[in-house]
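A.B. asks: Okay, handing you the structure first.
The values are calculated or read from the model by the stated rules, or taken from the named source; none is laboratory data. This structure is a prediction, so every number in the text was calculated from the model and none was measured. Please note: Cβ atoms are built from the backbone with ideal geometry, for glycine as well, and neighbour counts cover all protein chains shown.
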């Protein structure tokens, strides 16, 4: 039991170390300083050591038959570990330090969700006692981690390749405003109208449920969070306007419109950040509230916010750091290299999953949502690999496909559990 | 996959073809199916449709379809249904696109394999350009040694490194050609072949296999199973299977059912062939048919009665001492209790998540102090209240709520309310749990036109039974009158010691002769993907000319890794040769 407590402490420290490393790498984006980036890498390595120790302790505590990746909590920890290890390997081998700013926030998000959902060791149900499954989950976490790194390189490629910042602004503002609406609908409002009418829908249902005192198993009721709803609404309006402004600017060049879009984007990012901060603050401060956030929703929200700020950063600091990115060829190659590691592993993941399904349920493939999503991910990367053979589709279009692949990975990993139900419901157990 | 040589061949091929009109169309289709662009678009299409299928309910029940129709609109659901969106993965057009994928892979192979074979077979020791040092990966150094001597040294080095090589003399130059991993160029074809293998395996399973389900009640013997799909229905197994017992455990932390297993007996023409414990994840095969522990359910009869296999009750004296244990008959008949009186099971209360019996509701008739109903739970003492209730049941017309009859019943009593319609009060519950609140509720059986049905009535919701009218009548509770005095009772109290429900074990029954083929495909897929990423075709030319050794190399993938290896070889060779030539000169 004490081993588990040590492990939980270690993971908390690891998360803070990764946070510090993230700050180092992001600082490096804005200002070239070898000392800072060295500190980032050193912190990363220290974090990985503690992280590895934590995983080892957990395994020791659970026994050899019960490896530490049997539920979503453990799998997220392993995913975070995979991202950092794979990234540090790429950094040391190819000497591309700047990518840390893109990769570490994702690892940090995985760790953050995991650490806020610490979970003791549970006895393994029969259905999960299979080495096929253990191989399946380990390779899944590593493959996903490598896909995340590939995504970072492709994103850097697009930035370096001088894709206009208005394009980034347009894409991100459309995705973020649609994403917020989706979360909103998911959170409870069934009609758009109620979204505009009801204050603080933002809290809703599955986001920050409050445990009714004295209930076991816990029952939840909803708590309204002031200002969050209107702030989200403001964000959606600002970003939708920004998208239109960017759209018009792309059709007919106008310096004024471009600047206006930048301002709208900045404002939207500020309101979104405020909404998230208020929600987290209230969720934390309310009496009897145990913070219980659906990992996918939080990740999605975090990404939406992060991508907004990313575009804002690109707007005002873009010129400086674009110059410091490695050459396009290198970024393209590194993206490809990462997929080259991830794709074979993803193949193993699907095959071992099929073998496991055959032994557990008597069918190797049943078009279960998780199976389908992983197949879709595999096909997206197959498309990426084929595109690299076609002249003219090799660079920008394939980088875009790589980014779509990343979205597909996140959907497969976390989204399916939230939006669709299926046999992988074990993964839901938080 | 990232092979520029092939790409160029492909483009040249496309330009030189298409001459006359008739063959033009065939060629155009051929070229389309063989092109990587088409493969990319086709794959994207398959991915997109597969994703749509994950969001829509697949093979929904008629009820769900109706629900969707009311939510999305009749027309939309009808269109989606007509396009097979609700059974997307079995739809003609989805399977058709998989077929097109297979054809495309075939054509692509026909188109490119000969060129790849030519590349593999091409083993000219003499480089076409004549100078290895003009290649992208190269190395060269001067030597004062004689050509023959150097050639021997190079040959020895190649032998020592256990590399195989081809040798040729051209003029006064001696050429060596090291060709490694040429067959790795076939890996892509292995991947493509593996995908076709998997699809063929799936097809075999679809045609020659079947899937089904077999629910077995504890103690039941069955020789048929329910087959899913187009040829669905009850089908013979060819042997018998009996479920002796079913057991499961509940995870205390999650409250969900953890491990479960069935004790099964396989019988062939009446003789026991095998006895097995079937567990989740541990399938059992007999005569090519696989049995998988899928799920389980409590037995519930037509009137909604939950099957109880056993219920043992502890009897406690008023001062808490244990007086003994009673086993209640599961069929609901009454037995005598130590304090005097009769006890019988009315119903079981069930946790719907775990399908376990949480409490048993019993009726106790103590004679002088009347009948009372109580819930027995493990670890909780229940005292008969010695209060009996008379419940007024009101029958109303469904259409206009006009009262038809009003009768007073005590528990177990049955009365006729109209010609051919009788009402029986099965039980009255003063504190029936509903959504965390306790309600006054009654369960009645109504027999009308030979049909006996259960109705649940709640005093505070007189309209509740309107959802479940029988004939044109629905029922409600009018008035409840109490009689008896709870303080008078001084008999024993009762506690549930243990209870067990009667369970169905639900087995999946499958036969899939395509599995070995699919597994072969999977193995090929992994081998193919790994070799196409991590193996490469590496070619090294070494030209020994008077006074200089030139080396050049080409590789089709993973250049950085190979370049390092090449540089290692080159410097090793240089060191070796220069030492030898120095020794030569010293002599």
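A.B. asks: From B:396, B:344, grab the single residue that is under 24 Å from residue B:455 (Cβ atoms), assigned to a strand (DSSP E or B) and free of Cβ contacts under 8 Å to residues at least 40 places away in the same chain.
C.D. replies: Numbers: B:396 fails: free of Cβ contacts under 8 Å to residues at least 40 places away in the same chain.
Criteria check complete, one pass: B:344.
A.B. asks: Only one of (1) assigned to a strand (DSSP E or B); (2) modelled with pLDDT of 85 or more fails for residue B:513. Which number is that?
C.D. replies: Evaluating residue B:513 over (1) assigned to a strand (DSSP E or B); (2) modelled with pLDDT of 85 or more leaves (1) as the failure.
A.B. asks: So, one more: Is it the case that residue A:154 is crowded, with 19+ Cβ neighbours inside 10 Å, touching a helix residue (DSSP H, G or I) at 6+ places or on another chain (Cβ under 7 Å) and over 20 Å from residue A:262 (Cβ atoms)?
C.D. replies: Yes: the conditions hold for residue A:154.
A.B. asks: Could I ask something else about it? Under 7 Å by Cβ, and 6 or more places apart or on different chains, what pairs join a residue from the range B:405-433 that is at pLDDT 85 or above with one that is loosely packed, with under 13 Cβ neighbours inside 10 Å?
C.D. replies: Correct list of pairs: B:422/B:416.
A.B. asks: Failed condition for residue A:348, given (1) at the interface with chain B (Cβ under 7 Å from one of its Cβ atoms); (2) surrounded by fewer than 21 Cβ atoms within 10 Å (Cβ to Cβ); (3) in contact (Cβ under 8 Å) with a residue 40 or more places away in the chain, with all others met?
C.D. replies: Among (1) at the interface with chain B (Cβ under 7 Å from one of its Cβ atoms); (2) surrounded by fewer than 21 Cβ atoms within 10 Å (Cβ to Cβ); (3) in contact (Cβ under 8 Å) with a residue 40 or more places away in the chain, the lone unmet condition for residue A:348 is (2).
A.B. asks: Taking the conditions exactly as written (at the interface with chain B (Cβ under 7 Å from one of its Cβ atoms) and touching a residue at least 40 places away in the same chain (Cβ under 8 Å)), does residue A:410 satisfy them or not?
C.D. replies: No.
A.B. asks: Here is a check on your reading of the model: is residue B:6 within 10 Å of chain A (Cβ to nearest Cβ), farther than 18 Å from residue A:384 by Cβ, part of a helix (DSSP H, G or I) and modelled with pLDDT under 80?
C.D. replies: Considered against the rule, which asks whether it is within 10 Å of chain A (Cβ to nearest Cβ), farther than 18 Å from residue A:384 by Cβ, part of a helix (DSSP H, G or I) and modelled with pLDDT under 80, residue B:6 comes out as no.
A.B. asks: Does the range B:370-397 hold any residues that are over 30 Å from residue B:492 (Cβ atoms) and loosely packed, with under 15 Cβ neighbours inside 10 Å, and which are they?
C.D. replies: Of everything in the range B:370-397, just one residue is over 30 Å from residue B:492 (Cβ atoms) and loosely packed, with under 15 Cβ neighbours inside 10 Å, namely B:397.
A.B. asks: Kindly provide the set of residues from the range B:305-330 that are within 17 Å of residue B:503 (Cβ to Cβ) and part of a loop (DSSP other than H, G, I, E, B), ordered by number.
C.D. replies: B:305, B:307, B:330
A.B. asks: With the requirement that a residue be more than 10 Å from chain A (Cβ to nearest Cβ), closer than 26 Å to residue A:408 by Cβ and touching a residue at least 12 places away in the same chain (Cβ under 8 Å), what does the range B:58-82 give you?
C.D. replies: B:60, B:80
A.B. asks: If you go through the range A:136-143 one residue at a time, do you hit one that is away from chain B (no Cβ under 14 Å), part of a helix (DSSP H, G or I), at pLDDT below 85 and on the phi < 0 side of the Ramachandran plot?
C.D. replies: The answer is no; no qualifying residue exists.
Per-residue answers, yes or no, for (1) touching a residue at least 40 places away in the same chain (Cβ under 8 Å); (2) touching a strand residue (DSSP E or B) at 6+ places or on another chain (Cβ under 6 Å):
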{"position": "B:482", "(1), (2)": "yes, yes"}
{"position": "B:498", "(1), (2)": "yes, yes"}
{"position": "B:512", "(1), (2)": "yes, no"}
{"position": "B:527", "(1), (2)": "yes, no"}
{"position": "B:544", "(1), (2)": "yes, yes"}
{"position": "B:554", "(1), (2)": "yes, yes"}
{"position": "B:557", "(1), (2)": "yes, no"}
{"position": "B:564", "(1), (2)": "no, no"}
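A.B. asks: Report every pair of residues separated by at least 6 positions or lying on different chains whose Cβ atoms are under 6 Å apart, first residue within the range B:225-250 and closer than 24 Å to residue B:499 by Cβ, second at pLDDT 90 or above and crowded, with 17+ Cβ neighbours inside 10 Å.
C.D. replies: Here the result reads B:243/B:216; B:243/B:262; B:243/B:264; B:243/B:505; B:246/B:262; B:246/B:505, each pair linking the range B:225-250 to a residue that is at pLDDT 90 or above and crowded, with 17+ Cβ neighbours inside 10 Å.
A.B. asks: Condition (residue is buried (at least 18 other Cβ atoms within 10 Å of the Cβ) and modelled with pLDDT under 90) applied to the range B:551-559: is it met by at least one residue?
C.D. replies: yes
A.B. asks: Okay, next question. With the structure loaded, tell me whether residue B:53 is over 24 Å from the mean Cα position of the chain (by Cα) and at pLDDT 80 or above or whether it fails that test.
C.D. replies: Judged against the criteria, residue B:53 is not a match.
A.B. asks: Given the residues B:288, B:320, which is the only one that is within 14 Å of chain A (Cβ to nearest Cβ) and at positive phi? Show your work before the answer.
C.D. replies: Details: B:320 fails: within 14 Å of chain A (Cβ to nearest Cβ).
From the options B:288, B:320, the qualifying one is B:288.
A.B. asks: Another question, if that's okay. Tell me whether the range B:86-93 contains one or more residues that are within 30 Å of residue A:415 (Cβ to Cβ) and touching a residue at least 60 places away in the same chain (Cβ under 8 Å).
C.D. replies: There is no residue in the range B:86-93 that is within 30 Å of residue A:415 (Cβ to Cβ) and touching a residue at least 60 places away in the same chain (Cβ under 8 Å).
A.B. asks: Scan the range B:28-49 residue by residue and report those that are part of a helix (DSSP H, G or I), buried (at least 16 other Cβ atoms within 10 Å of the Cβ) and more than 8 Å from chain A (Cβ to nearest Cβ).
C.D. replies: Of everything in the range B:28-49, those that are part of a helix (DSSP H, G or I), buried (at least 16 other Cβ atoms within 10 Å of the Cβ) and more than 8 Å from chain A (Cβ to nearest Cβ) turn out to be B:30, B:31, B:33, B:34, B:38, B:42, B:49.
A.B. asks: Here's another thing I want to ask about it. Only residues that are within 21 Å of residue B:229 (Cβ to Cβ) and modelled with pLDDT of 85 or more: list them for the range B:59-79, please.
C.D. replies: Residues of the range B:59-79 within 21 Å of residue B:229 (Cβ to Cβ): B:59-65.
None - no residue of the range B:59-79 is within 21 Å of residue B:229 (Cβ to Cβ) and modelled with pLDDT of 85 or more, so the list stays empty.
A.B. asks: Another question about this same structure. Here are the criteria: (1) crowded, with 21+ Cβ neighbours inside 10 Å; (2) over 20 Å from the mean Cα position of the chain (by Cα). Tell me which single one residue A:319 does not satisfy.
C.D. replies: Checking residue A:319 against (1) crowded, with 21+ Cβ neighbours inside 10 Å; (2) over 20 Å from the mean Cα position of the chain (by Cα), the one that fails is (1).
A.B. asks: Still on this structure: Can you name the residue in the range A:366-398 that is more than 7 Å from every other protein chain (Cβ to nearest Cβ) and within 30 Å of residue B:512 (Cβ to Cβ) and is also surrounded by the fewest Cβ atoms within 10 Å (Cβ to Cβ) among such residues?
C.D. replies: Among those that are more than 7 Å from every other protein chain (Cβ to nearest Cβ) and within 30 Å of residue B:512 (Cβ to Cβ), it is A:366.
A.B. asks: What number of residues in the range A:233-247 are more than 26 Å from the chain's Cα centre (by Cα) and surrounded by fewer than 17 Cβ atoms within 10 Å (Cβ to Cβ)?
C.D. replies: Qualifying residue count for the region: 2.
A.B. asks: Of all the residues that make up the range A:146-204, how many are modelled with pLDDT of 50 or more and under 23 Å from residue A:265 (Cβ atoms)? Please lay out each step first, then the result.
C.D. replies: To start, the set of residues in the range A:146-204 that are modelled with pLDDT of 50 or more comprises A:146-187.
The next check asks that each one be under 23 Å from residue A:265 (Cβ atoms); those that pass are A:151-152, A:154-184.
Of the residues in that region, 33 qualify.
A.B. asks: Test each condition in (1) away from chain A (no Cβ under 14 Å); (2) surrounded by 13 or more Cβ atoms within 10 Å (Cβ to Cβ) for residue B:87 and report the one that comes out false.
C.D. replies: (1)
A.B. asks: Can we say residue A:341 is within 19 Å of residue A:83 (Cα to Cα), out of contact with any strand residue (DSSP E or B) (no Cβ under 7 Å at 6 or more places or on another chain) and at the interface with chain B (Cβ under 9 Å from one of its Cβ atoms)?
C.D. replies: So residue A:341 passes the test.
A.B. asks: Scan (1) at pLDDT below 90; (2) within 30 Å of residue B:312 (Cβ to Cβ); (3) out of contact with any helix residue (DSSP H, G or I) (no Cβ under 6 Å at 6 or more places or on another chain) for the single condition residue B:489 breaks and write down its number.
C.D. replies: If we test residue B:489 against (1) at pLDDT below 90; (2) within 30 Å of residue B:312 (Cβ to Cβ); (3) out of contact with any helix residue (DSSP H, G or I) (no Cβ under 6 Å at 6 or more places or on another chain), just (3) comes out false.
A.B. asks: Let me confirm something: among A:353, A:262, A:310, which residue is more than 14 Å from chain B (Cβ to nearest Cβ), farther than 22 Å from residue A:104 by Cα, assigned to a helix (DSSP H, G or I) and modelled with pLDDT of 85 or more? Spell out the reasoning first.
C.D. replies: Working: A:353 fails: more than 14 Å from chain B (Cβ to nearest Cβ); A:310 fails: farther than 22 Å from residue A:104 by Cα.
Exactly one of A:353, A:262, A:310 is more than 14 Å from chain B (Cβ to nearest Cβ), farther than 22 Å from residue A:104 by Cα, assigned to a helix (DSSP H, G or I) and modelled with pLDDT of 85 or more, namely A:262.
A.B. asks: Only one residue in B:520, B:561 is within 26 Å of residue B:154 (Cβ to Cβ), within 12 Å of chain A (Cβ to nearest Cβ) and assigned to a helix (DSSP H, G or I), so which one is that?
C.D. replies: After applying the criteria, what remains is B:561.
A.B. asks: Within the range B:403-435, how many residues are out of contact with any strand residue (DSSP E or B) (no Cβ under 9 Å at 6 or more places or on another chain) and assigned to a strand (DSSP E or B)?
C.D. replies: 0
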